[in-house]
Amino acid sequence: MNLEQAWHSTLSEMELQISRANFATWLKKSVLVDKKDGVFTVALPNSFAKEWVESKYAKTIMGIIRNLDSSVKKIEFVVASNLFEDSPAGKANEKPAANQSQIGFEFNKIDPETNLNPRYTFKSFVVGSSNELAYAAAISIVKEVGTKYNPFFVYGGVGLGKTHLLQAIGNEIKNNLKNQIKVKYVSSEKFTNDVIWAIRNKRMDDIKKKYRGVDVLIIDDVQFIGGKAATEEEFFHTFNTLYEANKQIIISSDRPPQSLPILGERLSSRFQGGLVADITFPEYEMRVAIIKNRLLESGQNLEGEIIDFIAQKVKRNVRELEGVLKQIIFYRDSKKIELNKKNVDEIIEKITRDSSSKTTPTQILKGVSQYFGISIEELTGQSRKKEYVEPRQIAMYFLREMLEMSYPSIGDKLGKRDHTTAIHGCEKINQEINKNAALNQKIFSIKEMINKTS
Ligand code: ADP
Ligand code: MG
């Protein structure tokens, strides 16, 4: 085997070992540029690809290569961006697939039996330090369903890939074990609605059959279950029934289990036998990888410089990153213009500003008063009755947290109160939240309500 072949085989082996997305992003385009005295020189398109490959894959690559050719002593990675520029001719020949003037985030058909969306796969899931543990656990679960990590609990903020990962587990298990195993994915909202429907229609047996008769139950955004006794009760029994029968339970949430009253108090011991993993914000390299992966999936192209720029600017979460990407490509294709840092920056600014300025003070006041079943007049009025004081302090808290309003204007909004009253209100809630799980839960539900109010 000559060295070139050895490199080719090494890549094929790597392709099997890492996810398709990661392979496509980091290694697919690597080029063997030199081989001398047992030293391989491999070119990569940019310095973060070099760093990434060196830190994550170098050892594995070396192991594979040595197996194929024991004379190889060393691999050196170099940056050679000129090798990777698409020639203008090449670009012109690369016609985008039909109907892809917009980046294709098409939603595949959801399987009615499992509720899984086949779009969410491990292959399209980019792995980096922010989700490594959760991903590794997910892979093990697929191999040892029900016995390895049970329950498996993933938590993290909005748009960081929890649903994607959970559904990928479900899809993979379903594909591997076809008809031998029953997988069910359910959002907590759906679960809650099902329980409420069943109670109304006296059909609780249906619910028990539906949820307690599966081999893998995936419950997404479990923080939304709770507050309603019957739903909590049903969740609790479903959990225990499945757990005791060694069925796989997979849960996601925006916060760790101990911060969820519904799990923390009654099921905490169960979690000691399972695995809890968090997903955090993707670091820069990963954001680049995700963008590239999205482009690849949809047959689109963007200049490296623009990709880097987007990854630098959009940091909050993956969902936002996808939204920005979609807009930029739409803009480019519909206006038929060249993208540059300036116009890309304008699009990003617009989108990120839109999403952060969505909430208004009025929405907050509305959301809070709706939650507590009082009127806005009562909320902002002068009465110091207990049933108004707490909602008022919570409203102050939200005005501060969500809108970063000044204390004087917060006081003003809530019935021309003094700024010290506003400070006191915000601080009171801030302190209580850390100690009081019920309040924590309440705050969360109110936030939901505020976001839904317009
Ligand atoms: P969450 O459930 O945590 O709010 P989602 O799973 O809905 O987040 O992710 C939001 C979007 O970002 C989805 O389109 C998802 O496919 C994508 N996404 C998130 N994380 C990744 C990742 N690591 N690799 C590829 N796509 C990702
Ligand atoms: Mg989700």
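What the table below lists for this structure:
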| read-out | value |
| --- | --- |
| Members of the stretch 186-197 that are over 14 Å from Ser253 (Cα atoms) and either buried (at least 18 other Cβ atoms within 10 Å of the Cβ) or within 16 Å of ligand 1 (Cβ to nearest atom) (or both) | Lys190, Phe191, Thr192, Asp194, Val195 |
| Cβ-Cβ under 8 Å pairs, at least 6 apart or on other chains, the stretch 43-61 side modelled with pLDDT of 85 or more and of a type in the set (Ser, Thr, Tyr), far side part of a helix (DSSP H, G or I) and exposed (fewer than 15 other Cβ atoms within 10 Å of the Cβ) | Thr60/Gln17 |
| Criterion (outside any strand (DSSP E or B), among the β-branched types (Val, Ile, Thr), touching a Gly at 6+ places or on another chain (Cβ under 7 Å) and touching a residue at least 40 places away in the same chain (Cβ under 8 Å)) met by exactly one of Ile218, Ile262 | Ile262 |
| Residue list for the stretch 297-354, restricted to those being more than 19 Å from Val158 (Cβ to Cβ), under 20 Å from the mean Cα position of the chain (by Cα) and among the acidic types (Asp, Glu) | Glu297 |
| Hits in the stretch 1-57 - residues which are of a type in the set (A, V, I, L, M) and either farther than 27 Å from Asp308 by Cβ or over 34 Å from the mean Cα position of the chain (by Cα) (or both) | Met1, Leu3, Ala6, Leu16, Leu32, Val33, Val39 |
| Within the stretch 273-379, helices (runs of 4 or more DSSP H) holding 1 or more residues that are of a type outside the set (D, E, K, R) and over 28 Å from Ala395 (Cβ atoms) | 284-298, 304-313, 318-335, 341-356 |
| The stretch 188-220, residues that are among the polar types (S, T, N, Q) and touching a helix residue (DSSP H, G or I) at 6+ places or on another chain (Cβ under 8 Å) | Ser188, Thr192 |
| Tally, over the stretch 136-183, of residues that are more than 16 Å from ligand 1 (Cβ to nearest atom), closer than 18 Å to Tyr211 by Cβ, within 21 Å of the chain's Cα centre (by Cα) and assigned to a helix (DSSP H, G or I) | 1 |
| Scope the stretch 379-400; condition of a type in the set (D, E, K, R) and over 37 Å from the mean Cα position of the chain (by Cα); matching residues | Arg384, Lys385, Lys386, Glu387 |
| Selected residue (criterion: nearest to Gly373 (Cα to Cα)) from residues of the stretch 423-442 that are out of contact with any Lys or Arg (no Cβ under 8 Å at 6 or more places or on another chain) and modelled with pLDDT of 85 or more | Ile429 |
| Filter result for Gly425 (at positive phi and touching a residue at least 24 places away in the same chain (Cβ under 8 Å)) | no |
| Unique residue being modelled with pLDDT under 90 and out of contact with any helix residue (DSSP H, G or I) (no Cβ under 9 Å at 6 or more places or on another chain) when the list is Arg400, Arg353 | Arg353 |
| Only listed residue being closer than 30 Å to Ala230 by Cβ, within 16 Å of ligand 2 (Cβ to nearest atom), at pLDDT below 95 and not aliphatic (A, V, I, L, M), chosen from Gly146, Gly156 | Gly156 |
| So Ala230, is it touching a residue at least 40 places away in the same chain (Cβ under 8 Å) and either farther than 22 Å from Asp254 by Cα or assigned to a helix (DSSP H, G or I) (or both) | no |
| Candidate set from the stretch 257-280 (those that are of a type outside the set (A, V, I, L, M) and surrounded by 16 or more Cβ atoms within 10 Å (Cβ to Cβ)); member that is nearest to Ile173 (Cα to Cα) | Gly274 |
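Yes or no, residue by residue, for (1) among the aliphatic types (A, V, I, L, M); (2) at pLDDT 50 or above; (3) surrounded by 13 or more Cβ atoms within 10 Å (Cβ to Cβ); (4) away from ligand 1 (no atom under 16 Å from the Cβ):
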| position | (1), (2), (3), (4) |
| --- | --- |
| Pro88 | no, no, no, yes |
| Lys91 | no, no, no, yes |
| Gln102 | no, no, yes, no |
| Phe107 | no, no, no, no |
| Pro118 | no, yes, yes, no |
| Phe122 | no, yes, yes, no |
| Val126 | yes, yes, yes, no |
| Ser130 | no, yes, yes, no |
| Leu133 | yes, yes, yes, no |
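The values are calculated or read from the model by the stated rules, or taken from the named source; none is laboratory data. What you see is a predicted model, and the numbers here were worked out from it, not measured in a lab. Neighbour counts run over all protein chains shown; Cβ positions are idealised from the backbone, glycine included.
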